[in-house]
């Protein structure tokens, strides 16, 4: 199933809408780069990698001596003695968004395609399995004999690409249900599972909005605490961003909840065609959010409030305000 990457007709083209410049990357060429090619010896040690721990925090793992350190990624440059504003500093700030797409980041690993502004990938198998599980739970509440039998069969076959075909075969051979009744239902349910998997994949591909929000607030605080800039226009602009910077995250949460709730409403499975369309529309909403905010959210992580050029922060703040002004991007789900 292909993921739709085009914005809604009433939205501007996200690829050409106020292009985002990462602070500190002038003269570095293409950014993000193709790989995590750190220059510092401390970041090229054999066995070193970054990963998420069970609580979601960033862990620096040195496998050769079984050391696992939890670090605040915004201060990790201090641990590795990396100067703010250097290329290694900016690469370190790319680690958290990369860990939203891959399990670990090791020296010289490729940067995930999503961070390089490439098209979102197709749903992975674990998204399809999660969508099928949610669908089976919703089907269990229906009173239709065919749906109940198919639901039971899906639970009894191994997960995979042929799950629905195997479930249909089981319904026919063991339950004695006619093929002409079960097969069309299974095909529609498989399309629905794929559509919901697309929504789950689009939700998983969202940028780290909370990290962006923290950096906006931190930058505002650092500038506001400096008497030279306390009443500067940039400081005032960052202050105006504070109350609304969570708008994309709140919109994402609403859309994700609606994607799950629409499957579980009483009678929803009676009109599978409409439900499939709903899931695809919600997937497109999430894809639009990711396209508009992925680069901007990641660019905020490149900011070091004390050393980043104020003109670059000003350009990023202006870019953020323009994106927040696209009201149609934040409409609640229908």
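The values are calculated or read from the model by the stated rules, or taken from the named source; none is laboratory data. Just so you know, these numbers come straight off a predicted model, no measurement behind them. Counting neighbours? That spans all protein chains shown, and the Cβs are built from the backbone with ideal geometry, glycine included.
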Response to the item:
With criteria (1) part of a helix (DSSP H, G or I); (2) within 26 Å of the chain's Cα centre (by Cα), residue 243 comes up short on (1)
Worksheet item: Just wondering, is there one or more residues in the stretch 274-291 that are assigned by TED's automatic domain parsing to the domain that holds residue 221, within 18 Å of the chain's Cα centre (by Cα) and part of a loop (DSSP other than H, G, I, E, B)?
Response: no
Worksheet entry | Which numbered condition residue 297 misses (of (1) under 21 Å from residue 197 (Cα atoms); (2) under 16 Å from the mean Cα position of the chain (by Cα)) | (1)
Practice prompt. Identify all residues within the stretch 313-334 that are within 30 Å of residue 274 (Cβ to Cβ) and buried (at least 21 other Cβ atoms within 10 Å of the Cβ); write none if there are none.
Written response: 329
